[in-house]
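Below is one structure, written out as structure tokens; comments come after it.
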Amino acid sequence: MVGSGSEDLGVSQGGKVASGSHTRITSLEQKAAPAQTPKALETPIALTSFKATLETAGSTETFSLYVDPKIGANGYWLQDHSGTWVNLASSPYGGKMVDEGGRLRLDFTITDGGAFDADGQANGSITAPGAAAQMALSLMGQAPDAAGGLWF
């Protein structure tokens, strides 16, 4: 599915739609970053909020978001239910970033009803308001202005 601006989002494995996948992205929109976003999180294309319907409730799906590398993103940042912002496109969360054909591909997984599904219910639908963004990394693994929220 093609988003507005310079991003594309899709259900994927290595940036390609998985054979036999029945997961579908049903909405994709850009939204302003919330007021409580950490000051260190730079969101040049705001939040990319999407909703995906799944064949199996409670399943884990892999997504790829393609962005222009000129925006300087160092991950796909999403807030969990405790309010902590984490980079789902990082290896501790099973994600990765790949330079592919002049675009930056951010790969990440989200479990229906898990910590990064905004509705928190294993109901066959994943809602994820995240951001292809840049946050300066610290040695402590904590954002400089975070209120105790750790991130990796």
Residue, farthest from the chain's Cα centre (by Cα), within the stretch 1-25, restricted to residues that are open to solvent by 80 Å² or more (accessible area, probe 1.4 Å) and modelled with pLDDT of 60 or more: S19
task: State which residue is most open to solvent (accessible area, probe 1.4 Å) when the search covers only the stretch 78-97 and only residues that are assigned to a strand (DSSP E or B) and out of contact with any Pro (no Cβ under 9 Å at 6 or more places or on another chain).
output: K96
- prompt: Quick one: in the stretch 116-133, which of the residues that are at pLDDT below 95 and among the aliphatic types (A, V, I, L, M) is nearest to L41 (Cα to Cα)?
  reply: A133
message: Filter the stretch 106-135 down to the residues that are farther than 15 Å from F50 by Cα, open to solvent by 10 Å² or more (accessible area, probe 1.4 Å), in contact (Cβ under 8 Å) with a residue 40 or more places away in the chain and not small (G, A, S) and list them by number.
response: N123, Q134
task: Kindly provide the set of residues from the stretch 35-70 that are part of a loop (DSSP other than H, G, I, E, B) and open to solvent by 30 Å² or more (accessible area, probe 1.4 Å), ordered by number.
output: A35, Q36, K39, T43, P44, E55, T56, A57, G58, D68
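The values are calculated or read from the model by the stated rules, or taken from the named source; none is laboratory data. Computed from a predicted structure; not experimentally measured. Reconstructed Cβ throughout: ideal geometry from the backbone, glycine too, with neighbour counts over all protein chains shown. The protein model used for the area step is the full one, side chains on, heavy atoms only, and it has no ligands, DNA or RNA in it. Shrake-Rupley method; radii C 1.70, N 1.55, O 1.52, S 1.80 Å.
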